[in-house]
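Worksheet: the structure to be examined is printed underneath.
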Amino acid sequence: MTAPPLLDIRKLCIGFRSRAGAILPVLHEVNLSVCRGESLGIVGESGSGKSTLALAAMGYLRHGLQRLSGEVIYDGKDMFDRPATELARIRGGQLGLIPQNSGQSLTPTQRIGTQIAEALHLHCDHDPATHHARACHLLQQVRLPDPETILRRYPHELSGGQQQRVAIAMAMAGEPDALLLDEPTTGLDVTTQAHILDLLRDLARERDMAMVYVSHDLGVIARVCDRVQVLYAGETVLTGPARAVLRAPAHPYAAALLAAIPRLGAKGLPRALDGRPPTPDMARTGCAFAPRCALATEACHTERPDMARTGDGQAARCLFPGKVAERDAGREPPPCATDSPCALAIEGLSVRYDRPGLLARLTGAALPPATVAGITFDLRRGETLGLVGESGSGKSTILRAIAGLLPPDSGEIALGDGTRLSGAVERRRPEELRHIQMIFQNPDESLNPRQSVGDILAQPLRLYFGLRGQTLQDRAVELLETVRLGAHYLDRRPGQLSGGEKQRVAVARAFAAEPEVVLCDEITSALDVSVQAAVLELLNDLKARHGTAFIFVSHDLTVVRALSDRVAVLYQGRICETGPAAAVYGAPNHPYTEVLLGAVLAPDPDHVPRLLAEDGVELAPPARGCPFQRRCPVKRGSTCETDTPPARDAGGGHVIRCHIPIEELRG
Amino acid sequence: MSALAATRRMRAGTLLREVMARPSGAIGVTLVTLHALMAIFSPLIVPYDYKAMAATLTLAEPSAAHWLGTDHLGRDVLSRVMLGGREALVITGIATPVAMLWGGLTGVWLGLRGGWPDEVAMRVVDAFLALPGILPLLVLITVFGTGGEVLLPTLAFFFGIPVIRVARAAAHEVVARDFVSAARARGHRPFDIVRREILPNVTDTLLVEGAMRWSWMLLGFSALSFLGFGVAPPRPDWGLMISDARVYMSLAPWGVIAPVLALSTLIIGINLTADALAKTLGLDRSRKAVI
Amino acid sequence: MIGVIARRLALGLVTVWLVSVIIFLGVEALPGDACTAILERDAHGEALDACRKALGLETPALDRYLGWAAGVMQGNFGMSASGHESIAQMVGYRVRNSLLLAAGALSVGIPLAISLGVVAGLTRDRWPDLLFSTGAILAMTIPEFVAATLLILIFAIWLGWVPAIVLTPADAPPLEFFPEFILASTVLTMLMIAHVMRMIRASVIETMASDYVQMATLKGVPYWRIVFRHALPNALLPAINVIALTVAWLLGGVVVVEVVFNYPGLGRLLIDAISSRDLPVVQAITMIVAATYVAVNLVADLLSLMLNPRLRSHQARRR
C-alpha cells in the first residue's frame, strides 16, 4: 500500500439538528481510505451510518444532514469544497454510485436508453452518434442479454436483477476510478446476488477500480472485499484485512455479529446479540458497545476507547482489543420425535390469483397454469417445516391459503384430528381458527399502529378464551415475558418499539391463541442479523415448551437450515424436493436445490459460490413438464418439457421430483 | 373501557398541543375560538338590536356611537357583524360532522365490501359529483324554503357525497395491510375489524378532511345567503350583508368590508387549523384533489 | 389499450346516464310541476289540465323521460317553461360566454399555477415558497363573492376603470362585456391557482426527495437538467387530474361569479331559471354541465394513461 489513497475521508462528523435544536451526530470522526484496485467493505447494522458515509464520499448529504467537521479528500481536494460544476463532473464520472434500490433510483418516465445516453453525454467526449453502440456495449458488459430491447424499456418493465445491472452499466458509463456500492444486492434473490457480485468482482479487477462496498451482510463482504471496516452507532469500531476480521475479529461487536449469522455448514442456532445500539441522542460516555458487551468492565462504561492495533493488521476501538468471548457452539433445536401425531395435513393444494372470467369459462379456453399447484405435505406436532424458494416461488401464497386468507382453487387442508377446513376464513369455526396462527413478514404492517401492545395481545385472548379484566391483563403480561419483554411494554404503541421488539409482540400475539400450528412468513427478513438470531432463539424456545408445529417460510437457506426439521424446496409454486433438513442440505439434490445451495454466501473469505444456472425471473410457470425446465443446467431433452417429473424416493422420506434418476443426481 | 376513553382524551389533548405548537395552528385555533366565543356570547354583548332601524342614520360613517357605521336601513353594522356568523356556524357546525359521519362510514363500508355494491355506489357518487356544485342546494331551497330544517339536512347530504370517495380510498389503503389480514385470519367479526382495525386508521384522514370541508361548507353557506337563497332577512348573516351592502359600496364601503373581514378570518382560521392538523398527523392536505 | 379506452368511455356514458336519471327523478319528486310554475295562482281546474295537456305532462313519467332523453341526445332540450322559447337557442350564447370566461381564466391560471407551484416546491421552506404558499392559503379562503366584490370596489368604484354594474345581453359580441370578462376571469384565476399550485408544490417536493432525483444528482446531472428532465415529468403527471377537475368546475358555469359581475353565462342563466322555476332549463343546463364534467375527466384519465409509462403497461397487462 505505497500508492496514495484515491479517496481519503478524515475525521468526518455528520449530524442533523433535532427538533429540540441540538445537533445529533450520525457519523462520529470516521476515517476511511481506499486505494486504486482495492476493495473496502463497510459493515454495520441499520442505523450505523454506513449509507450516509457512502453518500458523503461523493460530497452528498441527505436532506437535513450537515457536515460538522472533517474532510473528504478526493484527487487532492475536499469534495465539500468543490463548486457544483466540478462535483457534477466527478459524480458519475470518476466516482460512480450503485444505489441500494435500483428500481426506485431509475427515473420512471425515461427509457433505459435515454438514461444511459445521458450518463455518456455528461461524462464522455464520445460523438453522440456512438452513444447507442456504447450503451449496447455497456449492457453486454454487465451481462444483460438482448441489450437493444432493454434500451427501449422503461425501468418498471425490468426485473430487480436487470435494474441493478442497468445501474451498474450506468456507473460504468463514466469510466470511474472508484465505485461506491450501497447495499447493491439487498433484496435480490440468492442466485441473482451471486451473479451480480461475480460481475462486480470481475469489473473491478478488469478496470483496476477502487470499490467501497456498504452492506449489512458479512457474506457479501467476504465475497468481494479485501479490507473491512465495521461501523457501530456512527463510529468505526474495527478495521482490518477481510480475512483477519472474518476469522478472528478483534472487536467483540464484530465477533457477536459473526456469531449471529446462520451458516449452511453448521447445524444449530446462531447466537443472538441482546440489546440495541445507542441512538444519536444518547450521551456518549465510554464505549458505545459496552451496554451490550459480554466482556465489558467498569472502565468500558466510563472511558472512551481509541483505535488500538493488534498483531494481524486489525485496529479495534476497544480497551481490550483482540479479547472476544469464547464462541460456544449454537444450541441445536430439539429434534422432533418422528412418531408425534399429525398437526396439519395439506393435500393437493392449488391456488390461482386470476380466476377465469365468465367468457373463458363459457368458451372453455385453456386456463393458464395455477400459481401454486399440487402442494401436499403433513406436519407433525412439534415439527418445523421450512419452505424455501426465490421470490415468486409461491411460498407466501401457500401460507395465506392455509390461513384461509386466499381461498384455494382445489385441494384440502385438514387439522390433525381430521377436521377439514373450509377454504375461506369466514366459514371456519373459531376453534379451527385458533389452531392455526400466522406471523407476518413485516411487523410494521402486521401490528395496528393505533393499538397499544396491550390491546394487540388482548384481541386473541378475548376472542378465543373470553378473558376479561385482571385475568386478561395477567395473561398479556405473561405472554410478554415469554417473548422476553417486560410488563411495561403493555402501554406502548408499535411506533415506539424497535423492529425486533415489534416482531416479538407479533410472536406473542400468535402464541396467545395457544395454537398447534404457527405459520411464519419471512418473519426475520426485515430484521438485522443480530435481532434475527434472537427471534430464531425465541421461536425455538417456544417450540420446545409448547410442542408447536411451525411452517417457516424464507428465501434464506441458512435460516431455514438453522431451524427446520424438514425442508421443502419450491420453484414456481411446485415442490421440487422435500425431506429431512440434513438430507435436503446434503446430496443428492434436485437441480434447482443444487443451484440455490451453490449460490449461498458465507462470511468466510475462502468460500466461493458456484453459479450453476442463469439467474432469470419467470413470470408464470410452464404449462407442462418440469417447472424448472427453462433454467435447468442439466435438462434432459424434451421429456422435461412435456412430462411432469416423477417423485423419486431418495430414502428416509427424502423425495426429489426430477426426470433424472437419483443415482445420477448423486454425482 | 374507561382506560380507552382516557387514552382518547389524552390523545386529543396532545394533538391540540402539537397543533398549537405550529404558528399556523396557533393562529388558526385562536381565530376559530374567537369566532366560536363571539357566536355564543354576542347576543349578550351587542350594542344595538340587529333589526333596530334608524331612518335618520342610513349609511352613516363609523363613529363613536356606531363603530362600524350603519347600513342602508340605518342598522348598526357592528352588531350585525357580531351576530352574522351564528346561523352559519351552528348549521355548518352540525352539518359537517353529520356529512363526515355518513359519508365516512359509507365510504369505509364500500372500501371493505368491494364488489358490485361498491361499483354501483361509485357510479352514483360520480353522477352526483358531475352536477353543478350549488344546483341541488338551490333547487331544494327554492322549493322547500330556507330554514335551518331544510339547509342542515341538505348541506349534510350533499357534502357527504365526496367524503364517500375520500373515506373509501383511505379504507382501501388500510384494508390491504397485514394487520387487517391478521384480524381476519383470527376470525374476528367484520364489525369488530372495522371498529378496531380500520376506523382508528382512517380517522386522521377524515379529521383533516372534515376541517377542510367545514370551511368549504361555510363558503357554500355564505354564497347561498349572498345569492338570496340562505338566511332570510332581516336576520343578520355575513353573506346576505355583503350582498345588501354591495349596492351602496361606493357610499359606505365599511358595510362590505366589515362582514368580509369577519367571514374571511373565520375561514382562514379553519384552513390554518386544518393545515397544521394535517402536518401534525403527517398527512399532506394539498395533495387531495378538490372533489 | 383500446380496451381500456373503451371501458373508460363506457363508464363515462353510464355516469352521464345516471345524471339524467337523477335530474329527472329529482324534478319529478319536487312538489308542483312546470304548469304550476307557469300558471302560479291560476294553477287549478281547467287551466291546469289544459296546460298539462299542452306540455304533455299527463303521459307516464317513463315515457316522458324517454322522450326527453331522446331529444337531449339530438341536442334538442325542448322548450323553456316560461318564455316559450327553444332552450337550445337560449343556452347557445350562454355556453359560448361561459367557455370564453373559462378559457380566459385557464390560459392565465394554469401556466401561472404550474410555475408558482414548481418554484415553491423547489424553494421549499425558503422565502419564495413561504410567500406563494401563504398567498395560496389566503386566495383559497376568500370566498369568490368577496373577492369579486372587493375587485368591483377597487376597480369600478375607487379607481373607476370599469363600470360597476352593466347589463349586457347574452348574444352581444364578446367585446361588449370585456370589462366584466376581465374582472370575472381575474377572480376565477385567483381561486383556481391556489388549489393547483399547492398540489403541484407538494408533488414537486415529493419527486425532488425521490431516490431517482438523488441518483441523478450522484450521476453528475446538473441541477436544472434534473429539474426539467427527471423531476418535472414525474411531478406534473398527477397534476393532470387536479387540473381536469378545475377545468370541469370552470366550464360548469361559475354561478356566484357570474351573478356578481352580471356576466351572461350559463351560471347566471341557471340562477334565473331556478328563481323562475323554469325546470326544463335547469334540466338542460345540468345535463350540459354534467356531460362536460365527465368528458373533461375522461380526457384527463386518457392523457395520464398515455403520458405515464407505468400506468400504461400496468393497464395493458390487466387489460
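Below is a table of values for the structure above.
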read-out: Chain B - Kirkwood radius from inverse mean 1/r over Cα pairs (Å); value: 21.0
read-out: Farthest toward positive dipole pole in chain C [+1 Lys/Arg, -1 Asp/Glu at C-beta], among C:GLN283, C:ALA295, C:ALA172; value: C:ALA295
read-out: Residues with amide H under 5 Å from that of A:TYR571, placed H, sequence gap 5 or more; value: A:CYS576
read-out: Kirkwood estimate for region C:93-317, i.e. one over the average of 1/r between Cα atoms, Å; value: 19.4
read-out: Within chain A, percent of DSSP bridges classed antiparallel, to nearest 5; value: 60
read-out: Modelled FRET efficiency - R0 51 Å, A:ASP491 with A:ILE662, Cβ distances, 0.05 increments; value: 0.30
read-out: Kirkwood Rh, angstrom, region A:578-667 [1 / mean 1/r, Cα pairs]; value: 14.2
read-out: For residues of B:169-177, the mean tally of beta carbons on other chains within 10 Å; value: 1
read-out: Proxy reagent accessibility, fewest Cβ within 10 Å first, across A:LEU665, C:LEU62; value: C:LEU62, A:LEU665
read-out: Peptide ranges A:58-69, A:261-272 listed from the most packed, as the mean C-beta count within 10 angstrom indicates; value: A:261-272, A:58-69
read-out: Orientation-averaged projected area, Cα convex hull of region B:1-151 (nm²); value: 15.4
read-out: Quarter of Cα convex hull surface for chain A, i.e. mean projection, nm²; value: 33.4
read-out: Antiparallel bridge percentage (DSSP; both residues within region A:141-259; nearest 5); value: 55
read-out: Share antiparallel - DSSP beta bridges, the protein assembly as shown, percent rounded to 5; value: 60
read-out: Relative contact order (%) - criterion: Cα under 8 Å, at least six apart; region: chain A; value: 13
read-out: Separation between Cα centres of region B:78-136 and region A:188-222, rounded to whole Å; value: 57
read-out: Simple Cβ-charge dipole of region A:578-667, Lys/Arg +1 and Asp/Glu -1, about Cα centre, in debye nearest 20; value: 260
read-out: Distance from region A:426-496 to region A:55-98 (C-alpha centre basis), Å; value: 48
read-out: Shielding by other protein chains, B:133-145, mean Cβ within 10 Å; value: 5
read-out: Semi-axis lengths, Å, region A:44-97, gyration tensor of Cα atoms, sqrt of 5 times eigenvalues; value: 20, 13, 10
read-out: Protection proxy ranking of A:185-198, A:538-551 - average other beta-carbon atoms within 10 Å, highest first; value: A:185-198, A:538-551
read-out: Inter-centroid distance (Cα atoms) of region C:274-301 relative to region B:179-203, Å; value: 41
read-out: Positive-pole candidate from B:PRO97, B:GLY114, B:LEU206, dipole of chain B, charges at beta carbon; value: B:GLY114
read-out: Chain lengthening between B:ALA176 and B:PHE191 when straightened (0.36 nm per residue, less Cα-Cα); value: 3.7 nm
read-out: Mean shadow area of the protein assembly as shown over all directions, Cα convex hull, nm²; value: 58.0
read-out: Cα long-axis angle, helix C:87-122 against chain C (0 to 90 degrees, to the nearest 10); value: 20
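Quick note: the coordinates plus some simple rules give every number you see, no bench work behind them. Note that the coordinates shown come from a computational prediction; the quantities given were computed from them, not determined experimentally. Virtual Cβ from ideal backbone geometry, glycine too; neighbours counted across all protein chains shown.
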